[in-house]
1. To the nearest Å, what is the center-to-center distance of segment 230-244 and segment 257-275, using C-alpha atoms only?
2. What distance in nm separates the two pseudo spin-label positions at E256 and A382, each 7 Å out from Cα along the beta-carbon direction?
3. In nm, to one decimal, how far is the E166 label point from the Q314 one, both placed 7 Å along Cα→Cβ?
4. Stokes-Einstein D for the chain at 10 °C, 1.306 mPa s, Kirkwood Rh over Cα pairs, in µm²/s?
5. Ignoring ligands, DNA and RNA, what accessible area per residue does segment 334-460 give at 1.4 Å, in Å²?
6. Quantify, in whole percent, the carbon and sulfur part of the accessible surface of the chain (1.4 Å probe; protein heavy atoms only).
7. Return the percentage of antiparallel bridges among DSSP beta bridges fully within the chain, rounded to the nearest 5 %.
8. Given a 1.4 angstrom probe, what's the average accessible area per residue across segment 1-124, in square angstrom?
Amino acid sequence: MARKVQFVETVLRDANQSLIATRLPFEKFEPMLATIDKAGYYAAECWGGATFDVCLRYLNEDPWERLRKIRKAMPNTKLQMLLRGQNVLGYSHYPDDFVKLFVKKAVENGIDVIRIFDALNDVKNMKVAMETTVNSGAIASGTISYTTSPVHTQEKYVKMVKELKEMGASTICIKDMAGIMGPKEAYDLVSAIKDAVDLPIDLHTHSTTGLAFMTYLKAVEAGVDIIDTAISPFSGGTSQPATETMAYALRQLGYEVELDDSCTKAMADYFKTVRDAFIADGTLMPKALATDTQCLTYQVPGGMLSNLLSQLKQMNALDKFEEALAETPKVRADMGYPPLVTPTSQMVGVQAVRNVLDGQRYKTVSKEIKAYCRGEYGTTPAPIDPAIRESILAGESVVEGRYADTLAPVVEETRAKLGDMARCDEDVLSYIAFPNLAEKFFEDRKAKEENICTYSIVEA
Ligand code: CO
């Protein structure tokens, strides 16, 4: 019998994030939710990553309400989110009470699958999120942040997978955020993981370097169960390979693909118009759609590449793009070869830009890089360059063990502080994650309601 390969659709989250910096408002994809729901996906990735931040910061949307609306429109498809372990959605570590309540509320509001990763692959940063996901009745997808370096070996990845299974993972995800995994690496790693654990494996990659289609194909040959793809108008470049193309090729090779072609056709027709509008207003830049083999050297993930571009554009320094890209792997090596994924990708990227614009390395250092050097992000894959670490820390002490163990609970205190301003625990969580953005959002929400209210009285 033909082996089945399942698909995760990323247009609502990763494709949206990688190509247009997550600027897709709810009403732009709402008309397609029923169609996506009928298409036969394993899951729709729709939340987490930058969606939460951008909803509050730029779109004036309540991310929780967005999730509930998606849930309502898509009763038949598993909704998937991405969670940065102890970082949840932010850029630093949170106390356990926040992580637990966040996971619980995400599941209550509609999430079925939580893909949990840690930027350093330090599993002690994933444990609380994994356990809470399982206890809340959702699927915990234990995730490897894939990277290559002198210290990242297949044995280490297999060891990590076994630890994730111990923690309750029901699926394993290999997350190749930079699109640097080649077909042979995929074949070998998937085979090794299949040998080590009896769990479904999902491979996530990006088309950035052009390897993705080949990588997926060899991963499928090695037994991968699920692949992440984006509907064609939002595919390619820094996004995922096209859903329809993978379905076509896999069927031709005799694999079973349950996607409904009339649904994917309707989605493609619809999202083509959406994409064209983002091209017309300059949000979707041609560079994001191009194949860039430099990433095989620089290991810059999709989201990071577009962030780097917009950062330099804002500073009127687009001419420094190549230089900043070249500096990135050097900073990464100094920092002990962290995989480049949020938040380490931002930290390394911002530092590389600083080093280039300052004309002197580590002259200015962000507070995040400082915290990283103190050990607050966990154990680095290799030691941080001792001289650079020493100069950054300037005598400050270093954290031993799990940083979150040193953090005091935050939920109860925030609830009390916010009082009436927070209408539910979801508001409290938004506030803890993004205090300034959430506060502004609460004020705007109140003002909007008062305006509507006055208006209706006048009308009456
Ligand atoms: Co991704």
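1. 11
2. Rounded to a tenth, the inter-label distance reads 4.6 nm.
3. Rounded to a tenth, the inter-label distance reads 4.2 nm.
4. Numbers: Rh = 22.6 Å.
D, rounded to a whole number, is 70 µm²/s.
5. On the way: 6820 Å² over 127 residues.
Solvent-accessible surface per residue comes out at 54 Å².
6. On the way: 9890 of 18690 Å².
The computed percentage sits at 53.
7. Details: 0 of 32 bridges.
The antiparallel proportion sits near 0 percent.
8. On the way: 3650 Å² over 124 residues.
On a per-residue basis, segment 1-124 sits at 29 Å².
The values are calculated or read from the model by the stated rules, or taken from the named source; none is laboratory data. Nothing here was measured: the structure is a model prediction, and the numbers come from that model. Please note: Cβ atoms are built from the backbone with ideal geometry, for glycine as well, and neighbour counts cover all protein chains shown. Just so you know, the surface numbers come from the protein's heavy atoms only, side chains and all, with ligands and any DNA or RNA stripped out. Shrake-Rupley method; radii C 1.70, N 1.55, O 1.52, S 1.80 Å.
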